[in-house]
Amino acid sequence: MNDKPGFIKRTWNILKKPSTKYSLIGIASVSFIAGIIFWGGFNTGMEATNRLEFCIGCHEMRDNVYQEYNKTIHYANRTGVRAICSDCHVPHEWVPKIIRKIQASQEVWGKLTGYIDTKEKFESHRMEMATKEWARMKANGSRECRNCHNFEAMSADYQKKSNYDRHMKAQADGKTCIDCHKGIAHHLPKEYVDPDEQ
């Protein structure tokens, strides 16, 4: 029979003893350097998955949403500022970014199982996928949109008066970007009905 308290105590004693072969400073230095290398590799990999080339690496994205996006103002505009997939779908802050990456890794299941591997399948699931993304954006107050667009930075001098007034009313009403700007970078699902038109 295994004596669990004794086993844990013996293991702890082994772990807290200094090594007879290596100095404590050597072990700490190697651990510190290994930690930096691991962290650097982890962050490099994380940022590589934020690149446009990665996002459109599978035909499901390249042949569907990318074709829609590259005809929008987020792709080409007078200022030359381009928002790519990760700008709109991945938070900049570290903890929310990790949470979103975990969620996105679950979405890979759709690729592996062929859930959306044809245009027809993609279109048949577009409403479901869009609804999930809209709900995610609504829940976080359109955080990714606000990395570039901010009510406080909007100027009445540079926007049409009607647009500026709508933005200020939306802010006063506690609305967020996604409440009014669904379909700004991708086609709306065929089943979508604008609540303002009902």
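The values are calculated or read from the model by the stated rules, or taken from the named source; none is laboratory data. Because the structure is predicted, anything quoted here is derived from the model rather than measured. Because the Cβ atoms are built from the backbone with ideal geometry, glycine has one as well, and the counts that use them run over all protein chains shown.
Consider ALA156 against the criteria (1) surrounded by 13 or more Cβ atoms within 10 Å (Cβ to Cβ); (2) modelled with pLDDT under 95: it satisfies all of them except one. Which criterion is unmet?
(1)
When the range 147-190 is examined, which residues are found to be farther than 27 Å from VAL90 by Cβ and of a type in the set (Asp, Glu)?
Of everything in the range 147-190, those that are farther than 27 Å from VAL90 by Cβ and of a type in the set (Asp, Glu) turn out to be ASP157, ASP165, ASP173.
Quick one: is ALA76 over 30 Å from ALA130 (Cβ atoms) and not charged (D, E, K, R)?
Criteria not met by ALA76.
Assuming SER124 fulfils every condition listed in (1) more than 14 Å from the chain's Cα centre (by Cα); (2) assigned to a loop (DSSP other than H, G, I, E, B); (3) hydroxyl-bearing (Ser, Thr, Tyr) apart from one, which condition is it?
It fails just one condition, (2).
Could you list, in sequence order, the residues of the range 135-168 that are hydroxyl-bearing (Ser, Thr, Tyr) and within 22 Å of the chain's Cα centre (by Cα)?
SER142
For the range 137-166, name all the residues that are touching a residue at least 12 places away in the same chain (Cβ under 8 Å) and among the basic types (Lys, Arg).
Hits for the range 137-166 are LYS138, ARG143, ARG146, ARG166.
Out of (1) touching a Ser or Thr at 6+ places or on another chain (Cβ under 6 Å); (2) part of a helix (DSSP H, G or I), what's the single condition that is false for VAL108?
The number of the failed condition is (1).
Which one of GLU68, GLU53, GLU93, GLU60 is in contact with a helix residue (DSSP H, G or I) (Cβ under 9 Å, 6 or more places away or on another chain) and acidic (Asp, Glu)?
From the options GLU68, GLU53, GLU93, GLU60, the qualifying one is GLU60.
Given the structure, is ILE27 surrounded by 11 or more Cβ atoms within 10 Å (Cβ to Cβ) and of a type outside the set (Gly, Ala, Ser)?
Answer is yes for this residue.
Which condition breaks for PRO91 when tested against (1) without any contact (Cβ under 8 Å) to a residue 60 or more places away in the chain; (2) surrounded by 13 or more Cβ atoms within 10 Å (Cβ to Cβ); (3) not in a loop (DSSP other than H, G, I, E, B)?
If we test PRO91 against (1) without any contact (Cβ under 8 Å) to a residue 60 or more places away in the chain; (2) surrounded by 13 or more Cβ atoms within 10 Å (Cβ to Cβ); (3) not in a loop (DSSP other than H, G, I, E, B), just (3) comes out false.
Among the residues of the range 94-117, count how many are loosely packed, with under 14 Cβ neighbours inside 10 Å and of a type outside the set (A, V, I, L, M).
8
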